[in-house]
Amino acid sequence: LSSAFSLASRSMQSTLLAWFVLDITDSPFHVALVGVFGWTPLLLLGMIGGTLADSLDRKRVFAATLTVSLATVFTFTIILVVGSVQIWHAYLTIFITGSCYVLGMPSRRSLLHVIVGRDRITNAVALDNLGQNASAILGPAIAGFLIVAWGVASGYLALTILFCSSLLLLWKLKVH
C-alpha cells in the first residue's frame, strides 16, 4: 500500500505540475519541460539506485527518498498557498521528486522479495505492476478532479498526505 501511494503521487504530481505550468505560461514547450525534468533523473541516476539497493538497507533508502519527496512536495505546497511560486520552482520540484523516485524504486522493488519470500515473489511483482498501472490511471484522474474542484494547491495538499501515509506505512513495516 505504501508503494501504491508513492506511485500514485508521482502520476498525480506530473499532472498537477503540467496543468500549473500551462496555466501560468500558456506554453506547450514549458509543459514539455515538466516531463523532461521529471524523467531526466532516470538517465542520470538509474544505475545509482540499483547500487544503493544492493549496498544499503533497502527500507532506509526507500524511507529516505520518500522523506525528501515529502519535504519537496510540502515546500512546493507552501509556496503555492503563499502565492510566491515561480516556474523554476515547478521544474526543481519535479526534478527532485523524480530523482527520489529513481533512487528509491530499486529499493522498493527489492523489499518485495524480503517481504513475501521466494515462493510468492511472482504474485507480488504482478500485484506491484497492477498497482503501478492503476496509479498511472487514477493519479491523473484524481489530480484533474482536485484541480477543477479546488485548484492545484489542493492537489499538492493531497500529495503531502499521500507521502505522509506512505512513510507511516513503511515505518510500520517489519523487515528482517
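The values are calculated or read from the model by the stated rules, or taken from the named source; none is laboratory data. Note that the structure is predicted; figures quoted are calculated from it, not measured. Methodologically, a virtual Cβ is constructed for each residue, glycine included, from the backbone with ideal geometry; neighbour enumeration extends over all protein chains shown. Each accessible area value is taken on the protein alone, full model and side chains, heavy atoms only, with ligands, DNA and RNA left out. Shrake-Rupley method; radii C 1.70, N 1.55, O 1.52, S 1.80 Å.
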- Item | Sole residue being out of contact with any helix residue (DSSP H, G or I) (no Cβ under 7 Å at 6 or more places or on another chain) and of a type in the set (Phe, Trp, Tyr), chosen from 76, 29, 62 | 29
- State whether one or more residues within the stretch 26-37 are at positive phi and either surrounded by fewer than 14 Cβ atoms within 10 Å (Cβ to Cβ) or part of a helix (DSSP H, G or I) (or both). yes
- Message: Given the criterion at pLDDT 95 or above and aliphatic (A, V, I, L, M), identify the matching residue among 63, 124, 90, 53.
- Response: 90
- Task: Among the numbered conditions (1) assigned to a helix (DSSP H, G or I); (2) touching a helix residue (DSSP H, G or I) at 6+ places or on another chain (Cβ under 7 Å), tell me where residue 85 comes up short.
- Result: (1)
- Task: From (1) surrounded by 15 or more Cβ atoms within 10 Å (Cβ to Cβ); (2) over 13 Å from the mean Cα position of the chain (by Cα), pick out the condition that doesn't hold for residue 167.
- Result: (2)
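Yes/no per residue for (1) at pLDDT below 90; (2) not in a helix (DSSP H, G or I); (3) not hydrophobic (A, V, I, L, M, F, W, C):
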| residue | (1), (2), (3) |
| --- | --- |
| 132 | yes, no, yes |
| 142 | no, no, no |
| 146 | no, no, no |
| 153 | no, no, no |
| 159 | no, no, no |
| 164 | no, no, no |
| 175 | yes, yes, no |
- What about residue 82, is it of a type in the set (A, V, I, L, M), within 19 Å of residue 24 (Cα to Cα), open to solvent by 40 Å² or more (accessible area, probe 1.4 Å) and without any contact (Cβ under 8 Å) to a residue 12 or more places away in the chain? yes
- Message: Let me confirm something: among 93, 77, which residue is within 22 Å of residue 34 (Cα to Cα), buried (at least 19 other Cβ atoms within 10 Å of the Cβ) and either under 14 Å from the mean Cα position of the chain (by Cα) or without any contact (Cβ under 8 Å) to a residue 40 or more places away in the chain (or both)?
- Response: 93
